[in-house]
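Have a look at the structure below before the remarks.
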Amino acid sequence: MIGYPRDCELFNDVIDNKVEKGGLKHLGSGGYGDVLLYTSKKNDVVIKRVKSGQGCKNMKEFKIHELLSKDGNKHLIQLFDVLKTQNFLFFYLEYAAAGDLEQSIKSKGMLPSTIAKEYFIQMIDGVQFMHSLGVVHRDLKPADLFLTSDGILKIGDFGFATKFRDDDGGNMLVTLCGTAKYWAPEVETLKKLVDGPPLDAWTCGIILIEMLTGRRPWEVATLKNMENWISQVEGKNLPWNNVEADVMSLLRKILVVDPVKRATIDNIHEDKWLNGNKNIENVNGGETAKPRKDRQRKVQDVVTIAEENGRKRQRVPKKKFSCLD
């Protein structure tokens, strides 16, 4: 990672003392770990510090993120490198300068339908790429959808992501996890292993309603909370009351209680609402945006992992981690 700092002691100092040093700024801390932003004239990169123990959960996140970054998709936050020390892993991640979708919804109340549609299309594109590689996110929410300054949405935070396809191409059931406000109803009813991709599809529908209305349709997807939605009985002050007919038609295909009957990400991608006029208002200027050329960021073919002294570097596919065996 030429051009990026590799001084883990400096990273820890900035995180622990909440000060800025050497172009490093502490962005925040939480259950996900600690996050720094490194800024220079040539590069901006997010450096995420997580513990290297924890039953190798964070090493699993690294392996999943490495898989997703090998070919790369512009709607996923890219992983560039990893620094491994005795106590921590430091992930070097792509930086999205415009914050996250949760911040955008809170500041605006709701998004213009053209912008919500464009973000939804980009989210579906990213999720479709993940599913094509046999990976399910399991914790999609606006706080994990990051925005660049030129209006590109990128999915991030793969701490709960897991593989749902085995080496022979067969589907595997996955354990339940994520954020209760975005859970699919099978999480509340089954309390056991479930099919992974329908979980992501459901959450995409909830996020679409939230973008368009500024509200989630319910706090938790229990049958009681969803009574008005399931019965389709009209009521006052329901979040979906003013949603356009084409959007409502799509939502009725996504937010289906039975995961077997729920629209897949591929079904959603082919829906007529998503394939209409895709010109949108410019997120920053409010004017109609001209078609953008895809901006391709050069991504390393192989993500590297370095030891603390910075001298010993290996190609990750050749390195085995005992905790993942």
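If each Cα of region 167-212 is one equal point scatterer, what is log10 of I(q)/I(0) from the Debye formula at q = 0.13, 0.26 Å⁻¹? Each listed q corresponds, in turn, to -0.33, -0.95. Taken one residue at a time, the phi angles of region 158-167 give Karplus couplings (6.51, -1.76, 1.60, θ = phi - 60°) of 9, x, 9, 5, 8, 7, 10, 10, 7, 5 Hz. Gly and Pro are set to x.
Taking amide H as placed 1.01 Å from N in the peptide plane, residue 76 has its amide H under 5 Å from the amide H of 155, each at least 5 places away in sequence or on another chain. Give, as ranges by residue number, the residues of region 76-106 whose backbone N falls under 13 Å from the point 7 Å along Cα→Cβ of residue 241. What the label zone holds, given the 13 Å backbone N cut-off, is no residue at all.
Checking every one of the trypsin sites (Lys or Arg not before Pro) in region 165-251 against DSSP loop status and a limit of 11 other Cβ atoms within 10 Å picks out 191, 192, 224, 236. Which of rounded, prolate or oblate describes region 101-269 when judged by the alpha-carbon gyration tensor and an a/c cut-off of 1.5? Oblate. With θ taken as phi - 60° and the Karplus curve 6.51 cos²θ - 1.76 cosθ + 1.60 applied, the whole-hertz 3J(HN,Hα) list for region 62-67 is 4, 5, 5, 5, 5, 4 Hz, x standing for glycine and proline. Averaging the Cα positions of each part gives two centres, and for region 7-28 and region 118-173 these lie 30 Å apart.
In percent, rounded to a whole number, the relative contact order of region 101-269 is 24, using alpha-carbon pairs under 8 Å and six or more apart. Rounded to the nearest 20 debye, the dipole size of region 101-269 about its Cα centre is 460 debye, using +1 on the Cβ of Lys and Arg and -1 on the Cβ of Asp and Glu. Close amide H contacts of residue 52 (hydrogens built in the peptide plane, cut-off under 5 Å, sequence separation of 5 or more or a different chain): 88, 89.
Every number in this text was worked out from the coordinates using simple rules, so none of it is lab data. On a predicted model such as this, the values are computed, not experimentally measured, just so you know. Neighbour counts run over all protein chains shown; Cβ positions are idealised from the backbone, glycine included.
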